[in-house]
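The values are calculated or read from the model by the stated rules, or taken from the named source; none is laboratory data. Keep in mind that this is a model prediction, so the values were computed, not measured. Quick reminder, even Gly has a Cβ in these numbers, built from the backbone with ideal geometry, and neighbours come from all protein chains shown. The accessibility values were calculated without ligands, DNA or RNA, using every heavy atom of the protein model including side chains. Shrake-Rupley method; radii C 1.70, N 1.55, O 1.52, S 1.80 Å.
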Amino acid sequence: MAVTEAACSEGGRADTVGTTGVTGTAVAAGRAAQELGMKRGQFELAVHLGIVRITAERTGGRPRASREEIDRRRSEDGFPHALHERVRTVGTAEGARLLGISPVRFTRLARAGCLTPVTFYVNRYRAVVWLYLAQELFGFAARAPRLLTGNSPVRMRAGLTEGIDRRARNWRAQRIERLLDRTADPWRRAAVLAGALDPVQLAEVAADPYERAHLAKVGPEPVFGPPGSVAAQEAMTQLMQADDADEILWRRTNLIAELDQARASEKASRPWAGHGPQPAPGRDPHPCAGPAPTGAAGPEALAGAAPGLLARPGLRKRATARQAAEVDRVRRGAAARRSAEGSSAPPS
């Protein structure tokens with residue numbers, strides 16, 4: 001079953017996409033898609049790209065589109081064709097045809113990070129098939145025509161020979177940036193970043209289980225709901241999580257900064273709030289909640305990326321003291337591990 005933007009575009013609770021009420025002058029997302037002459041996936045992608053604005057009830061109701069927003073889009077020149085072209089997606093074969101290159105060259109450009117997919121679907125063989133915005137492909141052809149013919153740059157060829165594939169990473173980065181642009185709420189922003197970490201990595205950054213529960217609660221939701229098939233859900237879960245050591249460290253340090261702002265603005269909700277004394281610090285308040293996941297997964301995964309992270313242009317200025325401490329912690333952990341492995345190694 002295909003994974004449409006029901007899985008990849010989240011407009012459900014991003015409260016800055018609209019602050020108007022949803023009664024009287026707003027319609028459900030499905031109805032809005034019909035009035036705009038769009039299929040389910042097209043509408044969800046339009047919301048994800050910010051082309052169609054939606055509102056969300058403060059009480060957590062499903063997202064809705066205002067009558068003014070629908071009328072605004074319907075009154076634009078070229079409707080509905082122009083609107084549909086903005087969300088038109090193509091696969092590898094059609095994308096290669098649009099650029100006038102072979103599918104093999106198209107795939108190589110995508111794997112090298114020159115082309116960024118905007119969504120995907122899972123085919124009958126449970127394989128992920130990436131889709132690209134047609135308009136973005138035309139823009140790439142205009143910006144970098146030399147990459148469409150002749151030999152590829154040496155660094156690109158070397159990376160492809162080593163097996164580089166930046167499609168999932170670029171998709172994650174683009175998705176996260178779009179979600180962050182749609183909300184100023186500190187906890188929602190932290191939840192967007194938390195979604196890029198696996199449970200162990202997240203627990204190392206946010207040790208409080210109730211903070212993690214709050215992040216899950218306020219995290220972005222699909223417009224129409226979660227993908228229907230198990231294969232689609234598994235693919236979405238896997239693709240959302242950073243899998244490169246450098247990317248993991250980048251997401252962790254940014255999440256630390258967002259969590260600092262979130263904690264300063266408002267404490268995460270706790271089930272005992274207002275209902276008796278708060279449990280003593282350092283103890284898990286819930287009898288069924290086990291200890292936070294621990295282990296060396298974080299330092300091991302990040303050791304290779306830590307030394308050069310803060311050397312990146314512009315990053316040192318943005319790094320907070322806690323972010324720098326995170327990098328130092330990873331470095332010390334990696335050094336200690338190498339020392340332990342060296343001392344325990346049998347003599348040669």
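Table for the structure above
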item	result
Hypothetical label at Gln233: residues of segment 119-136 whose amide nitrogen lies under 20 Å (7 Å Cα-Cβ projection)	120-129
Solvent-accessible area per residue, Å², over segment 77-225 with all protein chains present [probe radius 1.4 Å]	48 Å²
Area of Glu204 that stays accessible when all protein chains are in place (1.4 Å probe, Å², to 10)	50 Å²
Stretch gain in nm, segment Gln34-Asp243, where the contour uses 0.36 nm per residue and the Cα spacing is subtracted	71.5 nm
Heavy-atom accessible area order for Glu162, Glu258, largest first, 1.4 Å probe	Glu162, Glu258
Segment 68-139 - percent of accessible surface contributed by carbon and sulfur, probe 1.4 Å	50 percent
Whole-angstrom gap from segment 136-158 to segment 62-96, using each part's C-alpha centre	28 Å
FRET efficiency, 1/(1 + (r/R0)^6) with R0 30 Å, evaluated for Thr161 and Leu98 via beta carbons	0.65
Gained length - Lys217 relative to Glu68, 0.36 nm times residue gap less alpha-carbon distance	50.7 nm
Per-residue SASA entry for Met156, accessible area with 1.4 Å probe, Å² rounded to 10	30 Å²
Accessible surface, 1.4 Å probe, highest first, among residues Val118, Val128	Val128, Val118
